[in-house]
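Undergrad: The structure follows.
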Amino acid sequence: MSALLMASVSAVVTLAKWPFRAPCAALALWLAGFAGGLTALGCATYALFAHLDVQLAHERLRLPVDVLGVAGAWAFVVHVVVVYVRVHRQGVRRRERHLTLLGLFGYPVNHLSAVILPSRQPLAYSVPGPEGGRAVISDGVISGFTREEVASVLAHEHAHLRQRHHLLTQLSEALCASLPKRLFCVRFSERFHSLIEMRADCAARVKCGRYTIAQALARMAPDSPAVPTADSGCPVAARRRHLLSNERCCSSLASSAVFCLASAVAAAPAALTAAGALTAACTYVCH
């Protein structure tokens, strides 16, 4: 049940088109599926070993299959955790080296809360680390963008740092690394990164406005289509289309429905297990 739940939610988030219209709801649904899968696995483990005597008495042939299934699921979870720890440590070392290089080649600007790199190319990214990490932009952004556009770019990068999006990205990388290298894993990774970027756009639009962010995106990626369409296939175009088409982030009825579905997915395994335990307790008391 846990594997089916996580696989179904991941497939919906990866293959459906609506996540680009409701990125925050899509991320919430995926996290709910992940949490619900772990809850279902924990409940299945408890149900198996709490009633082991009954299993031995009446379902002895089925018991080895159940034990192997639960053990295999926990082995996969442990493998994902080990891979996540390895990815996290590698990321920490890589970011430490990058911050050292930024100290050598960049210069901090306090009123922007950013590090400026001497480059004519429009660059902007964030490096998580001590004291909240660093937002990085290039001279090309400072000189070529308007003040409002620079503020929107920095608001986007600060949203990544403040909401610790790198932890979610590392989790998706650990899951993909734990699975066979298939096309689905590649598409899931690309979709997940796009949704993370759109989530940062949603946070930045509160401060800077959606049109300013969309214009800054167009200037950061001049090769993207001038008029973003649903069939363009360009991640930047999808982000601009979401900004220009929605006055507020995830404010539609569909987004609200997905948030409700996410809550149900996260709570369903525990609720079903509690209902089963209550029924068993009532049956025991009545007899």
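Undergrad: So how many residues does the stretch 84-134 have that are hydrophobic (A, V, I, L, M, F, W, C) and either closer than 28 Å to A177 by Cα or assigned to a helix (DSSP H, G or I) (or both)? Full working, then the answer.
TA: Going residue by residue through the stretch 84-134, those that are hydrophobic (A, V, I, L, M, F, W, C) are 85, 87, 92, 99, 101-102, 104-105, 109, 112, 114-117, 123-124, 127.
Remaining after also requiring either closer than 28 Å to A177 by Cα or assigned to a helix (DSSP H, G or I) (or both): 85, 87, 92, 99, 101-102, 104-105, 112, 124, 127.
Selection size over the stretch 84-134: 11.
Undergrad: Residues of the stretch 162-180 being of a type in the set (A, V, I, L, M, F, W, C) and under 14 Å from the mean Cα position of the chain (by Cα), which ones?
TA: Quick first cut of the stretch 162-180, residues of a type in the set (A, V, I, L, M, F, W, C) only: 167-168, 171, 174-177, 179.
L167, L168, L171, A174, L175, C176 - these are the residues of the stretch 162-180 that are of a type in the set (A, V, I, L, M, F, W, C) and under 14 Å from the mean Cα position of the chain (by Cα).
Undergrad: Is it the case that S143 is over 30 Å from L15 (Cβ atoms), assigned to a helix (DSSP H, G or I), in contact (Cβ under 8 Å) with a residue 60 or more places away in the chain and of a type in the set (S, T, Y)? Before you say what the answer is, go through the steps one by one.
TA: Working: over 30 Å from L15 (Cβ atoms): yes; assigned to a helix (DSSP H, G or I): yes; in contact (Cβ under 8 Å) with a residue 60 or more places away in the chain: no; of a type in the set (S, T, Y): yes.
So S143 does not fit the description; no.
Undergrad: Something else now. Among residues belonging to the stretch 139-188 that are under 29 Å from R93 (Cβ atoms) and charged (D, E, K, R), point out the one that is surrounded by the most Cβ atoms within 10 Å (Cβ to Cβ). Show your work before the answer.
TA: Initial filter on the stretch 139-188 (under 29 Å from R93 (Cβ atoms)): 139-141, 153-182, 185-188.
Okay, now just the ones that are also charged (D, E, K, R), so 139, 157, 162, 164, 173, 181-182, 187.
Values: D139: 15, E157: 22, R162: 14, R164: 13, E173: 19, K181: 9, R182: 10, R187: 12.
Filtering the stretch 139-188 for residues that are under 29 Å from R93 (Cβ atoms) and charged (D, E, K, R), the one surrounded by the most Cβ atoms within 10 Å (Cβ to Cβ) comes out as E157.
Undergrad: Whether any residue in the stretch 232-245 is modelled with pLDDT under 65, hydroxyl-bearing (S, T, Y) and closer than 17 Å to A203 by Cβ is what I want to check.
TA: no
Undergrad: Go through the stretch 197-206 and count every residue that is closer than 23 Å to G140 by Cβ and either modelled with pLDDT under 90 or not in a helix (DSSP H, G or I) (or both).
TA: The total comes to 0.
The values are calculated or read from the model by the stated rules, or taken from the named source; none is laboratory data. Predicted model, so just to flag it, every value in this text is computed and none were measured. Positions of Cβ are generated from backbone atoms using ideal geometry, with glycine treated the same way; all protein chains shown enter the neighbour counts.
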